[in-house]
Every structure is written in C-alpha cells, then in structure tokens.
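Presented below is the structure to which this report refers.
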Amino acid sequence: MLIPKTAFVTKGVGRHKEKLTSFEMALRNAKIAEFNLVKVSSIFPPDCKLVQRAAGLKNLFPGQILHVVMSENATNEPNRLVAASAGVAIPRNPSRHGYISEHHSFGQNDKMAGEYAEDLAAYMLATTLGVAFDPDKSYDEQKDIWKISDHIVKTINVTQTAVGDKKGLWTTVVAAVVFATYR
C-alpha cells in the first residue's frame, strides 16, 4: 500500500512564449520540476503530517515519482489575472482522512482564490463528518459550529496568482500538495 506519511505545499509561476515551457518554469519555481508528477484525487490521508517544503524535498531524488494534488492555470492574454489554489482541511481525529481541493480562476486575487479553495475543502470534509455546514457561508463564519461539535479542522491553502505578461507570453501558475514520503 502506498499511504503518504508526509506532505508539503508549494506554488510557482512561470512565463515563456511556449505554453508548455511556461508550465515547466512554474514547476521549477515551485521546486518540483525535476520529479515525475502523478496527479491524484483529493483525499488527505489519515495520519499524514504536513511539513515545510524544504523538509519535504530533503530526501527526494530527480526522476522520482511523486503524487500530487495540483491546480494550474495559464493565460497569454496581457494583464489577465490568473490564480491556482489548493485548499486543505484536516479533521481533529488524525486517524480520519481529510480533503484537498483544487481551484483555478481568472480575476481572483490570492485571498479570494485561497479562501474559496479552503472553504471548498472544509465543506467536503464537513459532509463526510456529518457536521452542519452552510455552503453559502465561509468556513471562517462557521468555526464556532465546528468547535462546539468537536470536529474542528486545520485548514490551509496554497495560492499562486500572476498577471498575464504585457507582451503576451504565456503565464502559468501552479499550486500543489505534494506527497513526499510513504509508510
């Protein structure tokens, strides 16, 4: 079984005349370009620990296969704001799984995109825990409900935004949760 033991968040932005190279540059900026990335769905594994990016990268090797939940977005439209965000919601009970959401948008700043991704992950987790959660309210507005029900979660987001290059180069943004070590 491949069950992640540690994970880290990362983000990056890249620009180039070629869309694929712009994506590569964003991965380089995020420090994950030298790995073979495999996208997986949105479950944060039970008993998985979030670590700093430097600690997560410490024992990895170029060419290694890494599982990621990644959001990406790109534009070659001058001055267009692009965002990529990943939200994470972890339950109080570490033996239960959490959720990771991916969100990519146009016109949203870091705060807006990040809060949206974080709220989405919290909502997905709430529905599995049987906790009342109003999707029309933000997670921040409902924290007291979670505290009372003893299902408080840790939520974070990693968000990268960028404004499209003035000369029309491709601008790509990525935000990812990377699973670094396994049990």
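Which one of Ala74, Ala89 is of a type in the set (A, V, I, L, M), farther than 20 Å from Thr181 by Cα and in a strand (DSSP E or B)? Steps first, please.
Values: Ala89 fails: farther than 20 Å from Thr181 by Cα.
Criteria check complete, one pass: Ala74.
Tally the residues that are assigned to a strand (DSSP E or B), exposed (fewer than 13 other Cβ atoms within 10 Å of the Cβ) and hydrophobic (A, V, I, L, M, F, W, C), restricting the search to the range 1-41. Before you say what the answer is, go through the steps one by one.
Filtering the range 1-41 down to residues assigned to a strand (DSSP E or B) leaves 4-16, 36-39.
Checking which are exposed (fewer than 13 other Cβ atoms within 10 Å of the Cβ) leaves us with 36, 38-39.
Still in the running and hydrophobic (A, V, I, L, M, F, W, C): 38.
Looking only at that region, the number is 1.
Coordinate-derived values only; no laboratory data. Please read all numbers here as calculations on a predicted model, not as lab measurements. Note that we place each Cβ from the backbone using ideal geometry, even for glycine, and neighbour counts take in every protein chain shown.
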